[in-house]
Structure formats: structure tokens, C-alpha cells
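These notes concern the structure reproduced below.
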Amino acid sequence: MPSPSPRRLRERVSDKAARALRRTKEQARPATARVGSAVKAPGARKPAAPAPVPAPQPTAAALPLVDRLLHDGDLPAAVLSQVRTWVAEGRPESAVSLGESLRTREATRDLGDLASGVAAFHRGFVELAWARLRELDARVWAPYAPEEYVRGGLRQDRERAVTEVRRLLADEPDLVHLGDWITLAGVAFGAGEHELADEILVLVDKTAEQTPDRAAAIDRRREWLRPWLQAEVGHTAPRRQRPVFAVMDYGHPQPSRGSANIGDHVQSIASLGHLVRHQGVRFHGEGDLVSLLERLASRTRPELRIDGADADLDVLTIHRDASMYQEIPEGTWTLCFGWFMHQLFKESYGFPLHDALRPMFVSFHCNKRDLLTDDAIAYLKRYGPVGCRDWTTVYLLLSAGVPAFFSGCMTTTVSTVFPELDERPPRTAPVGYVDVPNAEPGAPTFAHSDRAVRTRSFLENCDRAVELLETYRRELSAVVTSRLHAYLPLRSLGVPVDFRPGNLSDIRFDGLQGITDTAFEEIRTGIIDILAGVFSLILSGASEDEVYSRWRELTAERVAAAEQRLHAPAAPPPAIPEQVFEGVARAVSETETVAGSGGPDGEPVHVAVFVTKAEVSRLAPLVSSLREHSSRPLHVWILGRPRGDQARGRLAKEFPDVTFSWVRTGGLDRAFPTPYPVPNTAARVLLRELLPEVDRVVVLPAAAVVEGDIAELAGIDLGGHAFAAARSREVTTSGFHRLHGAAARLGPATDRSAELRRTAHSLHAFDFDAFSTDLLVVDLSQLAEQVPASTAIGLMQHYGLRPDEVLLYVAGPDRAEIPDRWQHEPTKDSVGDPLLVRWSGARPWDHDFAPEQERWQRHTGKPDQADIA
């Protein structure tokens, strides 16, 4: 059936969807309106009228769905606006349910697929997004979701996506708005489809010239992008006679991704201090850059000046995040420091750097799996050892096989180009606040993040950075800041500073916050010493082999010390509280079993389901589906705080051939000082103790149905592993990303957060895929050997790990994977003919509409929503 036009899509909406929209409208009404419309009970006192609160006038994009629909009458635009808003606000289940409500009717199925695909894309499930979007007619997706379609296609089926965009360019370019075409040009550029990006920009130029009333932003965006598209990728100029040094700047093809943080330029000033302290160097290059270097050379502290260089040096600037789009002379030296974090239009990183560059890595930070590709790891090995800004980066790189050491932050050395003041500000001078939300009233405040940084030149920003630091040290008695690149340079300049970040356990801070003056001085002098050795060689015209050989000599002891620190033993975990043992013994002794009879022959399949009180009454569909397909007897273990005899009796009566065991585990979580947000936390790592007679068990969530023989899943070959798990479906599938997040939760307990990250990297190479633990096939004896109860409970007590994080920490990549057909999540993936379906988020009993809800409803005896609609 051909897809309807956008106009007809706007005219179609199912009755169910309309009711959902009305509910959304009612929920969006001001509270005072709902109170005023309430029915007053007879004899009730009249409530005081609430004070009127003027409502802000939202823009069209921010309006609730119905108001947006009334605003411009465009149903698809209204639906997608609401979907994107819900996902951004942390309400993805509502977005999923709305999309499914539209998919249940033939008249609105295409709009439902569009909404579902957009929701999936913004939730990080690109595989599912592309499955929803790929078959839609361009007239459906192009006017409303061109970016999601093209990004999803480039990641899942590049050839098809590129072909479809080219077809649109040739046949139906008007389907995509002019501003969206510019966005797509950037997406294609970031994905390496440079010819396609060029073709799109040709259309943009032609269309813009035919649109005299176009917005000014159209011209700004296309003119910003144009020089990047015109650049030759990876062009290398011939090697020059003089040594060449490249200064890192922060230009970026995407206007909104260039650095807006003046702290980056503070780093740049600090890094240049290591070059300009070599007095007698004659700089050659762009006049402004040469002028900056000469000014900094004149500011160098007398005691740090190195005389006798008598050298000529060519200097130029390169873009940290996009160096490959510049022409760079062969053999150009550069210092690589800071965080290489800004993707090119969210599609790729500009790393490794341009082939012509010869990097020296000092004060380097990284934690992104997408950045550390195989090519990037090989690049870091080639030019290592890598000096790292923080200890987490050291551990990460060492675990990946890259020689690394802790250098600390480059900004600790900014004092090199700030001579000592003759007189410090008096103690009565004001205290300044740099990016602190609750400054003292009337105190001077400063912001390091400013959009103007993106539009100023690199030289202007460097001058601004020097001016700011001079202001801080000359006019303020002390500073309070949340910024690392205010705290460290101010400490370098001798300004009293109070560091108040949002989270002291932030991955970036290990080794930098809470350190003594002695440790700070070791960082500063360490960087100064090792860079002095290599810069002297570079300025003398030494070969690459000589420079890198010297670099390895200077850093060898630091690398060895870092390796020793990484593999130092962890502190012993705390003892398991006695009440845990007592709780387990009580749960086992009080387990109530109702034996089934009359089922299939053979050894039983053991299935464990962790339930909350609310889920006990929802178990029948799962048991029904298990029973329908199982070739062997079923023994279902229900762990949690069941409601008691009523639920037990009902299930036993409905499924007389199934054996049920009820294990009360409710008191186990009380053994921990901080309650876990999810019930049954302790029980999930004590399965062997709670099910002592069971060898192998399948763990299932309550919100699931099984469409195949569970005996097949229970019998899969674990390949010598203790368990099999379902792979993570998110774009960010890094196991270390999850463990780093667990460490960040420790907040002020920085010793424990640092130890958690260190020991995790000592156990496993970076990186491995994360996995889900709501669905498992477990050899309980083997798992108990790999993750003893004492280890699991100790990790939970000491680090606050959750059960899934315990397995990630201990097992890492040491697991088998459950086949795709046995791990289908309709809210996250697209699997044809699944054998097991499980719901997370939008569960089948929580929403009017959930994906593939009909599979659940078939086992409840209720008609599905499509039949009702």
C-alpha cells in the first residue's frame, strides 16, 4: 500500500490516539484550572483561591501536543514534537506508547512508525529506529525527521541511506526544509561522505538564492560549513627546512561544537609556556601568532628561562578536533593535551590526528569508547608513552595496552608565563566566584563558558585568558570555582582557591582534586622537566627517532610506577553482615513449594523470577507462555515479597502441572546501610544460596512471554562460562562506561570511587560490551566460584554496586551471549520471529499501548488494542 501524503497524514488519527491526546491536554493544563473545575462536596468549605501565577508563553516547539496541533494544524509535526519532548524530559515510556497507539491502525501506521523510530533514535536504540524508518516513503520522513532517518541509515545501512538522499536531491528536494538540508550536509560530512555533503551544499546554495526572505541563520550556517567542505582531506605539505610546531586551537566544522570554554585557552597558554621559555628562538609564521608567542616569551619567569636556544621555528595553528581538514607540513610537532571530546556532527571523532603531525601526549584525557577505536589505540601506542591528565585515563590506556603515566594537568604550569607579583591583593579584597551557582550577594562573578569564545579568534581568546588570570590574581583575595581549569591555574598562580565541583568523584578529577601542595608541585615540576628535555631536541632540529627515544627515556620510570599502581591489591571488602546469613537461612527454610503433576516427562527446567508485590498478580501470562511451549516439566521459583496465599493458590489452580516455589527475600536488602532503589537487590547475587539444590536456572523478568521451548534456552552451551546474558542494545554499550557511572555515584567518597575505577581496569582490558542481567542462563555452582557471595556483598557494601554492576565488575567479558531470538526487547530492538519477548520501560500492563503488547494479551485472555480500536 503506498504511503499517504503529509497532508493526509495530518488528517488521520485513531480514536485511541485522540483520547490519548486529550489526556495529554488535560495533564498539561495549569493546576489552578484543574482545581477550579473540581466538583465541590456538599458542605465543604470553600478553599482559598490560589494566587494567580502568570504562565510563560511557550514557543511552538515547546507546546504540549494538542496545543501544538491547534497552533499550526500539523499532526505529524505535533506528534514528533511531543515525542522528542517526552524523551528529552525523561519520559520515554509515554513517547513509546504514543507511537504504538498510532501503529495499531492502518490509517495512522506510517505516522506511528515515524514516531516510534524517532523515539527509538533519541533513546539510543538505532537498530530499532532504522527498522521503523527504513521502509517509510520519503514523503513521510523527509519533512519531519530527515536527520533521524539519515543518521540511522548511515549507521545501519550506509549504502541505502546515501542512495535515498541522492534520490531526494534529484527528484524531491522540496520535501526537506532548507535548514534541514544544511543539517544533513553536516551529518554527511561528519560520516565521511564528503561528496554527498558537497552535493547537498550545491542544492542549499541554489535554493537559498531562490529564497530572498530566508532566515539569516541559513547564510551563517552554510558559510561556516563551506570552507570545511572545500578542504582537501589529509593534505600533507612537503617537509620544511626549519622545525615546525603546531599550536592546538579549537576550530570546528560544527558551529555549536567548537569550544565555548575559555579554560581551553588557559590550557593553551600553559602549553605555550614550555616553548617560549626557550629564549633566543625566532618564530616564523602568521603575524598574530608570532606576536602572541613573543609576548609570552617576554612574560616568562626569570628562573624558568632557558637561554642559548638560537633557533628558528615555524609556527602555525591546527584544529584539535578536525586537523585532517588542514594542510600541514610533514613532520610538524605538536603537544596533545586536554579532552578530545567534540565529535564531527555526532558521527565521528577527528582522531587520530593528521598524518603529518608528530604528537607528544601530555595531560591527555579520554574516556569515550567511540574515540578509542583500534586505529586510535595503535596511534597512541606508536607515539606513546601517553602522559595523562588524570589517573582514570592512565588506568584505561594501560588496560588497553597503551604505555601511559600520570602527568597531571597542563594548567598547573601556567605560572611559567606569569611573573611573581610584587604585591598580592590584601585580605580585604573581594572573593570571586567562577561558575558557582550560589555566589555571595554582591561578590564579583565570572563565567568561563561563553558562546562568544566560539566566534573570537584563537589569539583573541588567548589574550582574554591572560586578562582573566591577571584579574583573578591582582584583584581578588580568593576564588571559589567549580571549574577544573580555574582551580588548577589559580593554584599555580598562588591564589587561594576553593574547588566546588558538582561531583568530586567525576571521572576527570582523580589525582587532581584534594591533593597536597607537595603533590601539586610534583605535577608542575614533572611536566616542566620532561617537556624541557624534548623541546630542546625539537628546536635543535633532531630527528623523530631521537626525540621519541628521549621521550621514552624521560617517562620510563613513570610508566613503570603507573603499572605498579594499577595492579596494586584492593582493600579487603567488609565482612558480610550477620543478618544476611540469617536472612538467607530464613528464606530457604520458609520457602513454600506447591508441587505440580501431570506435566511432561524429564528433568525440570528451573526458572527464577524476581518480583515486586505489584508484579505477583501479573505472573500468569509468563507462566502460561512457558507452559504452552515447554517440552520438560517446569519449576518456577518466585523470589521477592509475594502477597501470600491468594496469589499462590490462584497460580497453583490455574497451572496444576507447574511446580511453584515461593522464596521470601524481602528482608535481605535491609542489611545494607543505604537502601537500594530496586527490591530484591541482595537476592539477585545470592541465587546459589537461595536455591541450594538447583544447578542451572533461567532468570526471567516478570514482564515477559516465551514463544519457544524454554528447555532449549536452559540447555544452551555456556562455553565454559558461568552464565549467558543478553547484550546491551544502547548505542553506548561500554561496560566501563557503566562502571565509571557507578564510581561517580560515590560523590564525596573519592578514595572509594578512585579505587573502584582502578581495580576494574586492573581486572579487564578496555573495553567490553555491557550486558543486561534481567535475563540470564546461569550455572549456579560455577557462578558461585566466580562471584562468591562474600565478594558480591562486599562490592555492594563497599562501592554501592548494583547486582548488574557486580557481574560487570567481576566477569567483564567472561560470559556467553544469549541468542538474539531469545532476548527480544520490542522497546529496544527489532527481531523477527522471536522466541522470548521481554518488556522494559513501557510494560504491557502499565500503558494502553506497548510494542508487541498483543503477545502478552494472548495469554491474559484480553483482546488486544488493535481489535478494540
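Between 0 and 90 degrees, the angle of helix 146-156 with respect to the longest Cα principal axis of the chain falls at about 90 degrees. Using the Cα gyration tensor of segment 358-408, with a ≥ b ≥ c the square roots of its eigenvalues, what is the shape: rounded (a/c below 1.5), prolate (a/b larger than b/c) or oblate (neither)? It is oblate, given that a/c is not under 1.5 and a/b is not larger than b/c. Here the spin labels are modelled as points 7 Å beyond Cα on the Cα-Cβ line, and at Ser348 and Ser631 they lie 4.8 nm apart.
Quick one: grab the alpha carbon gyration tensor of segment 589-669, order the square roots of its eigenvalues as a ≥ b ≥ c, and give me rounded if a/c is under 1.5, else prolate or oblate depending on whether a/b is larger than b/c. Write out the running numbers ahead of the final one.
Numbers: a/c = 1.85, a/b = 1.64, b/c = 1.13.
Because a/c hits 1.5 or more and a/b exceeds b/c, segment 589-669 counts as prolate.
Please state the shape class of segment 557-607: rounded when a/c is under 1.5, otherwise prolate if a/b exceeds b/c and oblate if not, all from the C-alpha gyration tensor. The shape class here is oblate.
Charges were assigned to the Cβ only: +1 to each Lys and Arg, -1 to each Asp and Glu. The resulting dipole of the chain about its Cα centre is roughly 2800 debye.
Extending 7 Å from Cα along the Cβ direction at Arg500 and again at Ser790 yields two label points whose distance is 4.5 nm. Accessible surface for Lys368 stands near 80 Å², nearest 10, in the context of the full protein assembly shown (1.4 Å probe). The helix-based estimate of mean residue ellipticity at 222 nm for the chain, built from -39,500 (n - 2.57) per DSSP H run of four or more residues and divided by its residue count, is -13500 deg cm²/dmol to the nearest 500.
Assigning unit charges at the beta carbon (Lys, Arg +1; Asp, Glu -1) and nothing else, what dipole magnitude in debye, to the nearest 20, does segment 385-521 show about its Cα centre?
On the way: 13 positive and 17 negative charges, 65 e Å.
Dipole magnitude for segment 385-521 comes out near 320 debye.
Amide H contacts of Ser734: Ala770, each under 5 Å away and 5 or more positions distant or on a separate chain (H built 1.01 Å from N in the peptide plane; Pro and chain starts excluded).
Taking all protein chains as shown and a probe of 1.4 angstrom, Glu199 keeps an accessible surface of around 70 Å².
Note on Glu159/Asp374: beta-carbon distance plugged into 1/(1 + (r/R0)^6) with R0 of 25 Å gives a FRET efficiency of 0.65. In percent, rounded to a whole number, the relative contact order of the chain is 10, using alpha-carbon pairs under 8 Å and six or more apart.
Rounded to two decimals, the Cα-based Rg/Rh of the chain, with Kirkwood Rh, is 1.00. Farthest toward the positive end of the dipole of the chain, out of Thr412, Ser116, Leu201, is the Cα of Ser116, where the dipole comes from beta carbon charges about the Cα centre.
The residues packed around Tyr809, meaning those with a beta-carbon under 11 Å from its beta-carbon, carry a net charge of +1 if Lys and Arg are +1 and Asp and Glu are -1.
On the accessible surface of segment 493-626, probed at 1.4 Å, how many percent belong to carbon and sulfur atoms?
Working: 3330 of 6650 Å².
Within segment 493-626, the accessible surface is 50 percent carbon and sulfur.
When the charge dipole of segment 522-603 is built from unit charges on Cβ atoms (+1 for Lys and Arg, -1 for Asp and Glu) and taken about the Cα centre, the candidate among Val534, Ala560, Thr591 whose Cα reaches farthest toward its positive end is Val534.
Just to verify a number: FRET efficiency for Ala532 and Asp310, C-beta to C-beta distance, R0 = 25 Å, to 0.05?
On the way: r = 16 Å, r/R0 = 0.66.
After rounding to 0.05, the efficiency reads 0.95.
Using a 1.4 Å probe and counting only protein heavy atoms, arrange Asp695, Asp157 so the residue with the most accessible area comes first. Write out the running numbers ahead of the final one.
Working: Asp695 105, Asp157 55 Å².
My answer, sorted largest first, is Asp695, Asp157.
Relative to the longest principal axis of the Cα atoms of the chain, the long axis of helix 645-654 makes an angle of roughly 70 degrees. With the convex hull of its Cα atoms as the shape, segment 400-541 has an orientation-averaged projected area of 11.9 nm². Which part of segment 395-411 falls in the paramagnetic zone of Lys381, meaning amide N under 12 Å from the point 7 Å along Cα-to-beta-carbon? Within reach of a label on Lys381: 400-403. The label point for Ser449 and the one for Arg240, both projected 7 Å from the Cα toward the Cβ, are 3.6 nm apart.
Lys-Lys pairs in the chain that are eight or more residues apart or on separate chains and whose Cα atoms lie under 18 Å of each other come to 4.
Note that segment 141-298 shows a convex hull volume over its alpha carbon atoms of 169 Å³ per residue. Summary of the geometry: segment 760-832 and segment 99-150, compared by the centres of their Cα atoms, lie 32 Å apart. Within segment 496-646, the ratio Rg/Rh, alpha carbon atoms throughout and Rh by Kirkwood, equals 1.33. Taking the longest Cα principal axis of the chain as reference, the axis of helix 750-763 is set at about 80 degrees. Note that the chain presents 43 Å² accessible area per residue, ligands and nucleic acids not counted, probe 1.4 Å. Sorting 96-102, 107-113 by their mean Cβ neighbour count within 10 Å, with the most densely packed peptide first, gives 96-102, 107-113. Each residue was assigned an accessible area with a 1.4 Å probe, and for Arg242 the value is about 100 Å².
Geometric descriptor of segment 75-125, per residue, is 56 Å³ (volume of the convex hull of the Cα atoms). Report the FRET efficiency, 1/(1 + (r/R0)^6), for Asp171 and Ser477, where r is their Cβ-Cβ distance and R0 is 60 Å, rounded to 0.05. The pair Asp171/Ser477 has a calculated efficiency of 0.30.
Considering only Pro329, Pro385, Gly502, whose Cα is most displaced toward the positive end of the charge dipole of the chain, charges sitting on Cβ of Lys, Arg (+1) and Asp, Glu (-1)? The Cα lying farthest towards the positive end belongs to Gly502. With the cut-off at under 12 Å, measuring from each backbone N in segment 298-328 to a point 7 Å along the Cα-to-Cβ line of Ser540 picks out 309.
The values are calculated or read from the model by the stated rules, or taken from the named source; none is laboratory data. Remember, it's a predicted structure, so these values are computed and weren't measured experimentally. Backbone-built Cβ (ideal geometry, glycine too); neighbour counts: all protein chains shown. Accessible surface is based on the protein model in full, side chains and every heavy atom, while ligands, DNA and RNA are left aside. Shrake-Rupley method; radii C 1.70, N 1.55, O 1.52, S 1.80 Å.
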